[in-house]
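Here the structure comes first, spelled out in C-alpha cells, and everything after it is commentary.
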Amino acid sequence: MSGERRRLTVTEKLEIMARQARCPRCHEKLGQLKGLDWDHSTPLALGGADTPENIQALHRTCHRQKTSGAGGERRASVADGDQHKIGKARRLSAAQAEFRALLLAKEPGMPREKKSRIPSRPFKRRSA
C-alpha cells in the first residue's frame, strides 16, 4: 500500500451517490454531500481497491459505526468493525509467517516427532 489515498472528484462523488441513493448501513436517504463520509466497502488494509467501485457514501455516524463496530440499529458487535477485522488479519498473517519460518528452518528429510494419538494411561495395567 502506498499510503496515499486517491481524492474523489465531485463528479465521482455524485456518481457514487446516484449509484447508491441510500446509506448501505441505515438505509436512509443520503442527503447532501457535506454530511457524508466516503468509505471503502472492502478496506484497503484487507485488499480492497482504491477505485470508485469500492467506495461508498455513508452518513458520518454510520461510517464511525462501520469502522469501530459499535452499536447502531443492527446492534453490531465490535467484531463487525473494520478495525477489528484488520487487526485480526494482521495477527493471522503474523502467525502464518511464524509457522512458515518454522517449516523453512527444518532440514528436508528430517524425521518428524512422533506424537501419540492416545495419551498414556495414568494408572497401571491390570495383570491377567
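Structure data summary
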| item | result |
| --- | --- |
| Enumeration of residues in the range 44-66 that are outside any helix (DSSP H, G or I) and either loosely packed, with under 13 Cβ neighbours inside 10 Å or at pLDDT below 90 (or both) | GLY47, GLY48, ALA49, ASP50, THR51 |
| Residue match in the range 58-67 (condition: of a type outside the set (Val, Ile, Thr), touching a Leu at 6+ places or on another chain (Cβ under 6 Å) and either closer than 30 Å to GLU4 by Cβ or touching a residue at least 40 places away in the same chain (Cβ under 8 Å) (or both)) | no |
| So ARG7, is it in contact with a Cys (Cβ under 8 Å, 6 or more places away or on another chain) and basic (Lys, Arg) | no |
| Leading residue by the ranking (farthest from VAL10 (Cα to Cα)) among those in the range 26-43 that are of a type in the set (Asp, Glu) and not in a loop (DSSP other than H, G, I, E, B) | ASP39 |
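The values are calculated or read from the model by the stated rules, or taken from the named source; none is laboratory data. These numbers were taken from a predicted model, which means no experiment stands behind them. Using ideal geometry, Cβ is built from the backbone for each residue, glycine included, and neighbour counts are taken over all protein chains shown.
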